[in-house]
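Below is one structure, written out as structure tokens; comments come after it.
The values are calculated or read from the model by the stated rules, or taken from the named source; none is laboratory data. Computed from a prediction, not measured in an experiment: that's the story for all the values here. Cβ placement follows ideal geometry from the backbone for every residue including glycine, while neighbour counts extend to all protein chains displayed. All accessible areas refer to the heavy atoms of the entire protein, side chains included, with ligands and DNA or RNA removed. Shrake-Rupley method; radii C 1.70, N 1.55, O 1.52, S 1.80 Å.
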Amino acid sequence: MDILKKEKKLIKLEEELIELDDEKKIESIKSKIEDYKHGMMQDLSAWDRVMLARHMKRPTSKDVINAVFDDFIELHGDRNFGDDKAIIGGIAYFNGQPVTIIAQQKGKTTEENIESNFAMPHPEGYRKALRLMKQAEKFNRPIITLIDTPGAFPGIGAEARGQGEAIARNLFEMSAIEVPIISIVIGEGGSGGALAIGVANEVHMLENAIYSILSPEGYASILWKDAKKAKNAAEVMKLTSYDLLDFGVIEGIIKEPIGGAHHNPTQTYEAIGKRLQQSIESYYNRSSYEIKTARYTKFRKIGFFQRFNYDNLKGVVK
Amino acid sequence: MKRDVLKNAFDKQRQFKSKTVSYRKKPLQSAKQPDVPKGLYEKCQSCGKTFIAKDMIKNMFVCPSCDNHFRLRAIDRLNITVDPHSFLEKGLGYITLDPLFIDGYEQKVADYKKQTNLDEAYIYGYAQIESIPCVIGIMDSHFMMGSMGSVVGEKVTKSIEYAMVKRLPLIMFVASGGARMQEGIFSLMQMAKTSGALKKLDEQGLLFVSVLTHPTTGGVTASFASLGDIILAEPNALIGFAGPRVIKQTIKQDLPEGFQRAEFLKDKGMVDKVVHRHALKDTLHTILKMHQGGSE
């Protein structure tokens with residue numbers, strides 16, 4: 001039984017609760033719900049987490065921004081081509097300190113999703129993000145990025161305007177930005193689209209978020225020529241927060257309430273705020289050189305391979 | 001000058017008798033593959049005509065009939081690009097691992113190693129072009145579509161660092177299907193790693209010329225391939241981030257003719273110059289000569 005079916009059952013139980021008046025019965029059902037949550041809704045498979053990460057009710061970037069930051073002013077456009085609604089950016093106060101926010105915005109309804117192109121950015125989105133990051137560097141404020149995208153948008157316009165170059169340029173410039181960059185993967189982190197705003201000093205993930213090279217569907221169709229094997233793909237791809245923490249690709253996991261962030265959004269926002277505060281504080285006393293070097297060194301080290309060291313074989317030929 | 005190079009195009013083994021290469025079990029050489037039966041004939045994928053392999057080598061693997069540029073092996077690319085005997089390979093000894101435990105991945109890598117006689121899809125080293133020293137990096141699309149996993153990412157980064165240490169210009173021939181799916185998130189992170197290293201190269205004022213050849217797609221386009229100070233491309237090379245098939249599926253329309261080809265990208269301002277393979281060495285030489293003073 002997957003997590004969505006379990007969730008439906010939980011909702012049924014909760015509906016029962018509303019109809020009842022008898023206190024004893026209420027107590028018994030309440031304990032039943034708690035038992036159910038703790039018994040059935042923990043220990044999720046990778047595919048469960050994929051579904052939670054894509055859940056229609058999952059808090060979006062705008063929800064997080066409204067809850068965690070104050071006085072958000074959205075800034076638009078890349079000063080070149082247009083404004084991409086899949087990536088939103090701006091400045092806001094975080095616990096009294098100005099910060100720059102860059103976030104990928106999914107919608108909650110179909111209309112919202114069409115407007116924001118299902119959070120699949122175009123080149124102008126990445127270029128806007130880079131413009132705002134450069135601005136943050138100029139005014140010396142930390143950058144916080146919220147990652148939630150299935151990936152870059154595969155379209156004619158996106159290619160014609162240099163999608164590859166736009167992502168590459170972000171990776172290139174972000175590696176040397178002199179203010180701390182903190183990324184949080186709040187939902188899906190898909191491929192180059194996610195990485196293009198994810199070259200951060202610290203990357204944190206919500207517990208049920210995913211971060212991968214490609215969507216499980218795409219992965220299955222490339223590797224096994226069958227997009228229907230997405231479920232299997234999700235299991236082998238190691239895309240959950242716990243796997244990535246093991247790999248050392250991310251720095252931390254932000255716990256979610258049982259059943260996913262949407263079951264108790266306030267709790268999730270608090271956890272995000274707390275983690276952000278800790279992260280930002282840790283960069284207060286560090287110089288800009290330290291900050292950018294730490295970021296570069298972190299990414300420089302990522303890789304999984306062995307090297308047979310020829311340098312130790314001086315004099316040995318063949 | 002060109003004729004000298006061609007003469008030496010046959011002389012593959014001799015070129016690699018340098019100190020470093022002697023560590024290899026076998027000298028780097030063009031491997032035999034089924035589509036070239038015993039190395040006698042070569043078939044053009046575009047017009048379907050068959051040519052004698054020796055003529056093809058003379059013609060730098062460009063179809064004499066339809067001008068189609070064949071996908072080159074790393075060794076052939078070296079032969080037509082750098083001065084004879086000048087190449088010194090660096091960064092040997094990397095071993096590809098299987099972080100996600102994908103069925104058959106290790107076997108696949110082993111097969112490709114045997115087939116192509118390469119350790120991985122990328123080689124780099126010191127070389128001279130018309131006596132101007134440079135660092136040259138070449139991706140071989142015959143090795144698992146030239147996909148970028150941990151080893152390729154590391155070697156690309158090392159080649160950039162080598163160029164920084166030696167303070168030499170860097171030329172990279174790109175041919176890749178993108179990130180290597182079998183290594184999952186590690187492949188994705190190589191994009192950040194290589195791009196970050198190029199930023200350092202940029203800060204040091206060194207030249208980076210990226211030559212895009214058929215095919216250049218996916219994560220490689222979205223990292224080091226697009227970051228050249230000068231970006232050259234071979235005619236009709238497929239260059240893009242998302243593959244044409246994926247785009248077609250997503251937007252459910254037919255793609256315009258010539259979409260994502262080198263000429264299309266030049267029109268859109270993404271590529272500096274489309275250069276015929278016959279003129280590539282001269283072009284690179286001229287560019288190198290112009291940048292000999294560095295940026296200081």
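Select from region B:217-258 the residues that are in a loop (DSSP other than H, G, I, E, B) and closer than 30 Å to B:Gln204 by Cβ and list them in ascending order. Lay out the reasoning, then the answer.
Initial filter on region B:217-258 (in a loop (DSSP other than H, G, I, E, B)): B:221-223, B:228-229, B:234-237, B:241-243, B:252-258.
Hits for region B:217-258 are B:Thr221, B:Ala222, B:Ser223, B:Gly228, B:Asp229, B:Glu234, B:Ala237, B:Phe241.
Tally the residues that are part of a helix (DSSP H, G or I) and in contact (Cβ under 8 Å) with a residue 24 or more places away in the chain, restricting the search to region A:260-300.
Keep residues of region A:260-300 that are part of a helix (DSSP H, G or I), which gives A:261-263, A:265-281, A:288-300.
Cutting the leftovers down to in contact (Cβ under 8 Å) with a residue 24 or more places away in the chain gives us A:261-262, A:265-266, A:268-269, A:272-273, A:275-277, A:279-280, A:288-289, A:291-292, A:294-296, A:298-299.
Total satisfying the criteria: 22.
Test each condition in (1) within 14 Å of chain B (Cβ to nearest Cβ); (2) crowded, with 17+ Cβ neighbours inside 10 Å for A:Phe81 and report the one that comes out false.
Only one criterion is unmet by A:Phe81, namely (2).
Say we look at region A:148-172 and pick out the residues that are facing chain B (nearest Cβ under 7 Å) and within 21 Å of the chain's Cα centre (by Cα); which of these is farthest from A:Gln135 (Cα to Cα)?
Here the answer is A:Pro154.
Take the residues in region A:273-312 that are more than 9 Å from chain B (Cβ to nearest Cβ) and in contact with a helix residue (DSSP H, G or I) (Cβ under 9 Å, 6 or more places away or on another chain), then tell me which one is farthest from A:Lys138 (Cα to Cα).
A:Gly273
Go through (1) surrounded by fewer than 24 Cβ atoms within 10 Å (Cβ to Cβ); (2) in contact (Cβ under 8 Å) with a residue 12 or more places away in the chain; (3) within 30 Å of A:Gly164 (Cβ to Cβ) and name the single condition A:Asn113 misses.
The one condition A:Asn113 does not meet is (2).
In region A:123-144, what residues are part of a loop (DSSP other than H, G, I, E, B) and open to solvent by less than 50 Å² (accessible area, probe 1.4 Å)?
If we filter region A:123-144 for residues that are part of a loop (DSSP other than H, G, I, E, B), which is where we start, we get A:139-142.
Passing the criteria: A:Arg141, A:Pro142.
Given B:Leu78, B:Leu100, which one is open to solvent by less than 50 Å² (accessible area, probe 1.4 Å), of a type in the set (A, V, I, L, M, F, W, C) and part of a loop (DSSP other than H, G, I, E, B)?
Numbers: B:Leu78 fails: part of a loop (DSSP other than H, G, I, E, B).
Answer to the selection: B:Leu100.
Quick check on A:Ile73: is it more than 20 Å from the chain's Cα centre (by Cα) and β-branched (Val, Ile, Thr)? Before the answer, list the steps.
Details: more than 20 Å from the chain's Cα centre (by Cα): yes; β-branched (Val, Ile, Thr): yes.
Yes, satisfied.
Examine region A:109-116 for a residue that is at pLDDT below 95, assigned to a loop (DSSP other than H, G, I, E, B) and out of contact with any Ser or Thr (no Cβ under 8 Å at 6 or more places or on another chain), and state whether such a residue exists.
Step one: filter region A:109-116 for residues at pLDDT below 95, giving A:109-116.
Keeping just the survivors that are assigned to a loop (DSSP other than H, G, I, E, B) gives A:109, A:116.
Next cut, out of contact with any Ser or Thr (no Cβ under 8 Å at 6 or more places or on another chain) only: A:109, A:116.
Yes, some residue in region A:109-116 is at pLDDT below 95, assigned to a loop (DSSP other than H, G, I, E, B) and out of contact with any Ser or Thr (no Cβ under 8 Å at 6 or more places or on another chain).
Filter region B:240-263 down to residues that are modelled with pLDDT of 90 or more and more than 8 Å from chain A (Cβ to nearest Cβ) and give me whichever is least open to solvent (accessible area, probe 1.4 Å).
Only one residue tops the list, namely B:Ala262.
Contact list please: Cβ distance under 8 Å, first residue in region B:190-204 and outside any helix (DSSP H, G or I), second residue surrounded by fewer than 19 Cβ atoms within 10 Å (Cβ to Cβ), pairs at least six apart or on different chains.
B:Gln204/B:Met164; B:Gln204/B:Arg167
Scan region B:261-281 for residues that are in a helix (DSSP H, G or I) and without any contact (Cβ under 8 Å) to a residue 12 or more places away in the chain and jot them down. Give the derivation first.
Going through region B:261-281, the residues in a helix (DSSP H, G or I) turn out to be B:262-267, B:277-281.
Scanning region B:261-281 gives B:Phe264, B:Asp267, B:Ala279.
Condition check: more than 11 Å from chain A (Cβ to nearest Cβ) and within 20 Å of B:Ala222 (Cβ to Cβ). Does B:Ser141 satisfy that? Reasoning before the result, please.
Values: more than 11 Å from chain A (Cβ to nearest Cβ): yes; within 20 Å of B:Ala222 (Cβ to Cβ): yes.
Considered against the rule, which asks whether it is more than 11 Å from chain A (Cβ to nearest Cβ) and within 20 Å of B:Ala222 (Cβ to Cβ), B:Ser141 comes out as yes.
Could you tell me whether region B:52-59 includes any residue that is part of a strand (DSSP E or B) and either out of contact with any helix residue (DSSP H, G or I) (no Cβ under 9 Å at 6 or more places or on another chain) or acidic (Asp, Glu) (or both)? Please lay out each step first, then the result.
At the first step, the residues of region B:52-59 found to be part of a strand (DSSP E or B) are B:52.
Applying the additional criterion that residues be either out of contact with any helix residue (DSSP H, G or I) (no Cβ under 9 Å at 6 or more places or on another chain) or acidic (Asp, Glu) (or both) yields B:52.
Yes, region B:52-59 contains a residue that is part of a strand (DSSP E or B) and either out of contact with any helix residue (DSSP H, G or I) (no Cβ under 9 Å at 6 or more places or on another chain) or acidic (Asp, Glu) (or both).
Among (1) more than 14 Å from A:Val50 (Cβ to Cβ); (2) among the charged types (D, E, K, R); (3) without any contact (Cβ under 8 Å) to a residue 40 or more places away in the chain; (4) away from chain B (no Cβ under 12 Å), there is one condition A:Asp246 misses while meeting the rest; what is its number?
For A:Asp246, the exception is condition (4).
Sort out which residues of region A:249-269 are over 17 Å from A:Arg49 (Cα atoms) and open to solvent by 10 Å² or more (accessible area, probe 1.4 Å), and write them in order of number.
A:Glu251, A:Thr266, A:Gln267, A:Tyr269
Need pairs with beta-carbon distance below 6 Å; first residue closer than 18 Å to A:Ala86 by Cβ and in contact (Cβ under 8 Å) with a residue 40 or more places away in the chain and within region A:52-72, second surrounded by 15 or more Cβ atoms within 10 Å (Cβ to Cβ) and small (Gly, Ala, Ser); sequence gap 6+ or separate chains.
Final answer for the pair search is A:Ala53/A:Gly187; A:Ala53/A:Ala209; A:Arg58/A:Gly187; A:Arg58/A:Ala261; A:Pro59/A:Ala261; A:Ser61/A:Ala103.
A:Ser279 - would you say it is in contact with a strand residue (DSSP E or B) (Cβ under 8 Å, 6 or more places away or on another chain) and among the hydroxyl-bearing types (Ser, Thr, Tyr)? Break it down into steps so the answer makes sense when it comes.
Values: in contact with a strand residue (DSSP E or B) (Cβ under 8 Å, 6 or more places away or on another chain): yes; among the hydroxyl-bearing types (Ser, Thr, Tyr): yes.
Against the criterion (in contact with a strand residue (DSSP E or B) (Cβ under 8 Å, 6 or more places away or on another chain) and among the hydroxyl-bearing types (Ser, Thr, Tyr)), A:Ser279 qualifies.
If I filter region A:57-78 down to residues being in a loop (DSSP other than H, G, I, E, B) and among the basic types (Lys, Arg), which single residue comes out as most open to solvent (accessible area, probe 1.4 Å)? First the steps, then the outcome.
So the first thing to find is which residues in region A:57-78 are in a loop (DSSP other than H, G, I, E, B), and the list is A:57-60, A:69, A:76-78.
Still in the running and among the basic types (Lys, Arg): A:57-58.
Working: A:Lys57: 130, A:Arg58: 9 Å².
Out of the qualifying residues, it is A:Lys57.
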